[in-house]
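Below: the structure, in structure tokens.
The values are calculated or read from the model by the stated rules, or taken from the named source; none is laboratory data. Treat the numbers as computed from the prediction; the structure is a model and nothing was measured. We place every Cβ from the backbone using ideal geometry, glycine too, and count neighbours over all the protein chains shown. Areas reflect the complete protein model, heavy atoms only, side chains present, ligands, DNA and RNA absent. Shrake-Rupley method; radii C 1.70, N 1.55, O 1.52, S 1.80 Å.
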Amino acid sequence: MRRAATRDRSTARAPIALGVLLLTLFLSLALPGTARAATAACVADAATGCINGTIRTAAGDPAVGVVLAVDGPGGASQATTDATGRWTAPVTEAGEYTVTLDAATLPAGEQLRDPASNPRTVTVALGASAGALFPLGEPTAGGGSGGEASASPEEDASDGEVADDAEVGAPVGASESGSFSWGRLAQQATSGLVFGLLLALASVGLSLIYGTTGLSNFAHGEQVTLGAIIAYIGAQTFGLPLVVAGLLAVMVGAASGWVQDAGLWHPLRKRRVGTTQQMIVTIGLSMALQYTYQFFFGGGALRIVTTTPTMITAGPVRISTTSLWSLLIALLVLGAVAYFLLRTRVGRATRAVSDNPALAAASGITVDRIVRLVWVIGAALAALGGVLMGLYLNATSWNMGGALLLLMFAAVTLGGLGQAFGALAGSIVIGLVVEMSNLVIPSDMRYAGALLILILVLLLRPQGILGRAERIG
């Protein structure tokens, strides 16, 4: 009885302990540099300078996936705007750099307000940031944009920094009180729903792994990155059709899950290594995989597709056909996972192992085989999520999964640890909070809003939305 009481007590405290760990990681990783999905932030120091900016459509929405080429004394590099329209490029030598915007990558129907200012020249000093602005909209009669074309590099850098600091999800110069509109609310809610469902693909696998093994896998984000990178290699290096490249990414992801469990996690479980020690191993594996990706593919953005997506307008909402297909695929796959868990014999065995591994083993279920299957399914779902997220963000990078990991853990903890359907519910909540928070707070703080929701839920309902309360004692 005493042993059972101790197990119940530790189970009840698990969500709180994981929440504290997530908060610590968030403070250490997100606050020193602004957190942005799928974009490696440039930090100016004694050996590095930064060129950055934010590009928005004429309507004030972020221009996602716009490609800019940077060339100067430190060499040539490329930057791509992220989901907030922000782009950044590090340089290692001071001097004048030429920034060229690829007009073919602009969102459909958008054009430069001042085409004559493309390319732009900025002066960068090590340890400082310089901005390069490319306003979009109808070309002005004089070919300029409020004198911007004649601005000096120093003035341009100042303008760029002001634009980044003032970013609230509205055009530069718009006040926060005037940024809200019902059309923008509908647009952000739609984006949040799409983002949440794509996040759920990876979060469900993470939740299944925790439910069957008790392991918080901090290397799960790298499975997301792996899927996106394999799709990039298939589509851009080998010229495969996008569908074939995506299927290849899912197959490689599933194979990596099998290899991980067979070569690493099963031997550790067999040696009775505790879940805390295994969790530390996942942190080391995460770091090793991240820098392996960076070594082979560099720190720049990788575009799975380079064509400009077709936009569809439905009332105040604009969405790309790629996002619609991604949404449909996510719904079908999540529906298939639900059917597998509820209606198939193996799925019921999986839920039995998640509820009580010892009792499941006593009833004739081969626990190790179920755990191996869960690793394969979880890694495959993460890889698919990485492909679709790379298409949604219009770019991927070596640390995309790491940037999304906190949100995945927040979704899993919010929905209820080990609950697959809870991970789905938590992901949708996190997606909506992340995207709709731009209406009231700066977009740089939108991940902080998601983590704040997580902390409040843990304080009020530690077991999560769909989790079961555990009796202590």
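Number of residues in segment 431-450 that are surrounded by 21 or more Cβ atoms within 10 Å (Cβ to Cβ) and under 15 Å from the mean Cα position of the chain (by Cα): the value is 8. Exactly one residue out of 253, 315, 246 is touching a residue at least 40 places away in the same chain (Cβ under 8 Å) and open to solvent by 60 Å² or more (accessible area, probe 1.4 Å), and it is 315. For segment 74-84, the candidate set comprises residues that are more than 21 Å from the chain's Cα centre (by Cα) and surrounded by 14 or more Cβ atoms within 10 Å (Cβ to Cβ); within that set, the residue that is modelled with the highest pLDDT is 77.
Could you look through segment 85-133, keep only residues that are in contact with a Gly (Cβ under 7 Å, 6 or more places away or on another chain), open to solvent by less than 20 Å² (accessible area, probe 1.4 Å) and not in a strand (DSSP E or B), and pick out the one that is nearest to residue 300 (Cα to Cα)? Once the filter is applied, the top-ranked residue is 105. Of 453, 377, 428, 465, all but one fail to be in contact (Cβ under 8 Å) with a residue 12 or more places away in the chain, open to solvent by 30 Å² or more (accessible area, probe 1.4 Å), among the aliphatic types (A, V, I, L, M) and not assigned by TED's automatic domain parsing to the domain that holds residue 340; the exception is 465. The conditions of being assigned to a helix (DSSP H, G or I), over 24 Å from residue 336 (Cα atoms) and either open to solvent by 10 Å² or more (accessible area, probe 1.4 Å) or free of Cβ contacts under 8 Å to residues at least 60 places away in the same chain (or both) are not met by residue 364. Among the residues of segment 209-234, the ones that are open to solvent by 20 Å² or more (accessible area, probe 1.4 Å), of a type in the set (A, V, I, L, M) and touching a Ser or Thr at 6+ places or on another chain (Cβ under 9 Å) come to 1 in all.
Answer yes or no as to whether residue 39 is of a type in the set (Ser, Thr, Tyr) and at pLDDT 50 or above.
Values: of a type in the set (Ser, Thr, Tyr): yes; at pLDDT 50 or above: no.
Taking the combined requirement at face value, the residue does not satisfy it.
Restrict the check to segment 402-420 and report whether at least one residue is open to solvent by 10 Å² or more (accessible area, probe 1.4 Å) and either at positive phi or without any contact (Cβ under 8 Å) to a residue 12 or more places away in the chain (or both). Yes, segment 402-420 has at least one match. For segment 324-350, filtering for residues that are within 15 Å of residue 250 (Cβ to Cβ) and exposed (fewer than 12 other Cβ atoms within 10 Å of the Cβ) leaves 2.
Selection of helices (runs of 4 or more DSSP H) fully inside segment 254-349 by the criterion of at least 1 residues being in contact with an Asp or Glu (Cβ under 8 Å, 6 or more places away or on another chain) returns 266-270, 275-297. Mind checking whether some residue in segment 326-338 is under 25 Å from residue 304 (Cβ atoms) and hydroxyl-bearing (Ser, Thr, Tyr)? For segment 326-338, residues under 25 Å from residue 304 (Cβ atoms) and hydroxyl-bearing (Ser, Thr, Tyr): present.
The sole residue among 71, 156 that is at pLDDT below 80 and acidic (Asp, Glu) is 156.
Take residue 303 and decide whether it is at pLDDT below 95, open to solvent by less than 60 Å² (accessible area, probe 1.4 Å) and not small (Gly, Ala, Ser).
Taking the combined requirement at face value, the residue satisfies it.
Output the number of the condition that residue 281 fails; it satisfies all remaining conditions of (1) out of contact with any Phe, Trp or Tyr (no Cβ under 6 Å at 6 or more places or on another chain); (2) open to solvent by 60 Å² or more (accessible area, probe 1.4 Å). So residue 281 meets the others, but not (2). Scanning segment 256-266 for residues that are among the aliphatic types (A, V, I, L, M) and open to solvent by 50 Å² or more (accessible area, probe 1.4 Å) gives 259, 264.
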